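A short reminder: the numbers here are calculations on the coordinates, not readings from a lab. Computed from a prediction, not measured in an experiment: that's the story for all the values here. We place every Cβ from the backbone using ideal geometry, glycine too, and count neighbours over all the protein chains shown.
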Amino acid sequence: MITEEEIIIEAPEAKQQNRVQRIIESMLHLFGIDDFISYAQVIHNFLFVVAIVFVGVLEIFNTHLAVRLNRSITKKQETIKELRWEYMTVKTDMNQKSKQSVLQQVLEPYGLKSLQEPPKKIEVKKGVLSNE
């Protein structure tokens, strides 16, 4: 025999279950798939549905990481291009400034002039500088 206390205790659980069932059925109706899928099928395949949702969330997270990585790579490539342009500019300037004619103009105020004749070669005979 079932007492009143057991009925009262079970009633909130039944209300909660009916509420969940109504929510699920309304969601199925909202998406227009209530003709194909029933509440019983949803409950039966609950773990499968959770697994699919989990895989979907992982896919979205992975896509966000890939997009962030692509943006980072693009930004670094642009920085590398700018640094390369700067390197080429500095290299060209140094090549221009290291020409003899430019060096002569820069050093002229200090009293240094370029040679007008080629440098002289000093020859030393073998054995002259050695201790033999």
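Below is a table of values for the structure above.
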read-out	value
All-pairs Cα distance distribution in segment 13-72, expressed in whole percent, bin size 5 Å	4, 16, 15, 19, 14, 9, 8, 7, 5, 2, 1
Separation of alpha-carbon centers, segment 47-76 and segment 79-116, rounded to whole Å	52
Length gained when the stretch Thr63-Met94 is fully extended (0.36 nm per residue, less Cα-Cα span)	6.5 nm
Descending principal axes extents, segment 41-85, alpha-carbon based, whole Å	64, 8, 6
Max mean-square fluctuation residue, GNM over the chain, Cα-Cα springs under 10 Å, options Gln100, Gln21, Gln116	Gln116
Global geometry of segment 64-132, whether rounded, prolate or oblate, following the gyration tensor of its Cα atoms and the 1.5 cut on a/c	oblate
Ellipticity estimate at 222 nm from DSSP helix runs (n ≥ 4, -39,500 (n - 2.57)) divided over the chain, nearest 500	-25000 deg cm²/dmol
Most positive-pole-ward Cα, Tyr110, Ala66, Ser38, against dipole of the chain from beta carbon charges	Tyr110
Out-of-range pairs (alpha-carbon distance over 31 Å; input Lys97/Lys120; Lys97/Lys125; Lys91/Lys113; Lys81/Lys113)	Lys97/Lys125; Lys81/Lys113
Scaled radius of gyration (Cα, divided by 2.2 N^0.38 Å) that the chain gives	3.10
